[in-house]
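To start, the structure itself, in structure tokens.
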């Protein structure tokens, strides 16, 4: 990769722009930067929502061969760049979002530029969104609509240690429950009350009992609140559950259990209101994705390069795309670690490895 220095300069420029999901101005700056680069390459560019969603195509056709997905937002609050801007030290790059996933955004630029020279017939579509770190709540439908017109999808989340790609991700869903009971004096008239906290405790015990780690199902009561004083029967409580699954049918099983709990109150006089939020189906490799994985392994072997494949409980935009039946590879960006923390880093030597392997693959597709 001859343009490594250009890559690092572009990476520094992106990292040094705060772009938290809630910072629409910052995300828009990233969008404007990428749009300029795409236009310089002769791509057809469309910007939406104040440049917080960018679509770029190599051909004016609805269908395409390759979909490149990369999010422009980070988890870091506005002002973080001023505290710790981009820096390099001993073969690593640091800064907010350096691996997740600003390096992936820059890799897309270099891959598309090279493919435009070597394979101008390949129809490429790039999709950049600015809300991935909050579940792509605004861009999910747009991403899925685009993906249905593609043959292959590559999501440029950071690669993992050992030059690993991501082949599978768990699905997830949040369950928010509010419990309404009846307050009374816990000492003088406990019989007149209906404890929302007691009902909530039952939900916690029964839903977490649905966990089955052997098949990848976890249920966690992450936030619980209730009551106002020790001597008052609580008339209100609330809980937020995090549900993760490897098998799609597990979401249905847990949802059914929650509906049963809601319909059959354990504490007379307590009513539960529940809402399932942010459902994302699991990303599991289809037969066609496994063929793509095999091609990558074969290419890596020819290049005497080791690659790895990992499964993770974290979600990405690949969860929105893979269940549609499109062969999808995630973790295509350069490798890094310490994600979502002040120690986030990028392995600089992985940049050329990723470019070389993916460029070779895409030339052959």
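The values are calculated or read from the model by the stated rules, or taken from the named source; none is laboratory data. Worth saying up front: this structure is predicted, and the values here are computed from it rather than measured. As a convention, Cβ positions derive from the backbone with ideal geometry for all residues, glycine included, and neighbour counts pool all protein chains shown.
Considering only residues in the range 308-330 that are under 10 Å from residue 168 (Cα atoms) and assigned to a loop (DSSP other than H, G, I, E, B), the one that is nearest to the chain's Cα centre (by Cα) turns out to be 315.
What residue, of 260, 250, is surrounded by fewer than 21 Cβ atoms within 10 Å (Cβ to Cβ), part of a helix (DSSP H, G or I) and outside the structural domain of residue 73 (by TED's automatic domain parsing)?
260
Filter the range 289-318 down to residues that are more than 14 Å from residue 166 (Cβ to Cβ) and touching a helix residue (DSSP H, G or I) at 6+ places or on another chain (Cβ under 9 Å) and give me whichever is surrounded by the most Cβ atoms within 10 Å (Cβ to Cβ). Out of the qualifying residues, it is 300.
Conditions (1) part of a helix (DSSP H, G or I); (2) closer than 19 Å to residue 276 by Cβ, marked per residue:
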residue: 166; (1), (2): no, no
residue: 172; (1), (2): no, yes
residue: 175; (1), (2): no, yes
residue: 179; (1), (2): no, yes
residue: 187; (1), (2): no, no
residue: 197; (1), (2): yes, no
residue: 200; (1), (2): yes, yes
residue: 203; (1), (2): yes, yes
residue: 206; (1), (2): yes, yes
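Quick check on the range 285-295. Is at least one of its residues in contact (Cβ under 8 Å) with a residue 60 or more places away in the chain, more than 22 Å from residue 179 (Cα to Cα) and outside any helix (DSSP H, G or I)? Within the range 285-295, one or more residues are in contact (Cβ under 8 Å) with a residue 60 or more places away in the chain, more than 22 Å from residue 179 (Cα to Cα) and outside any helix (DSSP H, G or I). Considered as a group, the residues in the range 176-192 that are surrounded by fewer than 21 Cβ atoms within 10 Å (Cβ to Cβ) and in contact (Cβ under 8 Å) with a residue 60 or more places away in the chain include one that is farthest from residue 221 (Cα to Cα), and that residue is 182.
Given the structure, is residue 51 within 26 Å of residue 142 (Cβ to Cβ) and touching a strand residue (DSSP E or B) at 6+ places or on another chain (Cβ under 9 Å)? Reasoning before the result, please.
Numbers: within 26 Å of residue 142 (Cβ to Cβ): yes; touching a strand residue (DSSP E or B) at 6+ places or on another chain (Cβ under 9 Å): no.
No: the conditions fail for residue 51.
Could you check the range 1-36 and list, in sequence order, the residues that are over 23 Å from residue 77 (Cβ atoms), in a helix (DSSP H, G or I) and in contact with a helix residue (DSSP H, G or I) (Cβ under 9 Å, 6 or more places away or on another chain)? Matches in the range 1-36: 4, 6, 7, 8, 10. Contact map, the range 51-73: first residue under 12 Å from residue 153 (Cβ atoms) and in the same structural domain as residue 320 (by TED's automatic domain parsing), second residue in a loop (DSSP other than H, G, I, E, B) and modelled with pLDDT under 95, Cβ cut-off under 9 Å, separation 6 or more or different chains; pairs are 65/365; 66/365. Take the conditions (1) in contact with a helix residue (DSSP H, G or I) (Cβ under 7 Å, 6 or more places away or on another chain); (2) closer than 19 Å to residue 131 by Cα; (3) crowded, with 18+ Cβ neighbours inside 10 Å; residue 50 misses just one of them, which is (3). Per the conditions (1) closer than 30 Å to residue 305 by Cβ; (2) without any contact (Cβ under 8 Å) to a residue 40 or more places away in the chain; (3) crowded, with 19+ Cβ neighbours inside 10 Å, the sole criterion not satisfied by residue 121 is (3). Across the range 53-71, the number of residues qualifying as part of a loop (DSSP other than H, G, I, E, B) and under 11 Å from residue 34 (Cβ atoms) comes to 0.
Residues of the range 144-168 being at pLDDT below 95 and either at negative phi or crowded, with 23+ Cβ neighbours inside 10 Å (or both), which ones? The answer is 161, and nothing else. For residue 141, state whether it is at pLDDT 95 or above, assigned to a loop (DSSP other than H, G, I, E, B), surrounded by fewer than 19 Cβ atoms within 10 Å (Cβ to Cβ) and out of contact with any strand residue (DSSP E or B) (no Cβ under 8 Å at 6 or more places or on another chain). No; evaluated as a whole, the condition is false for this residue.
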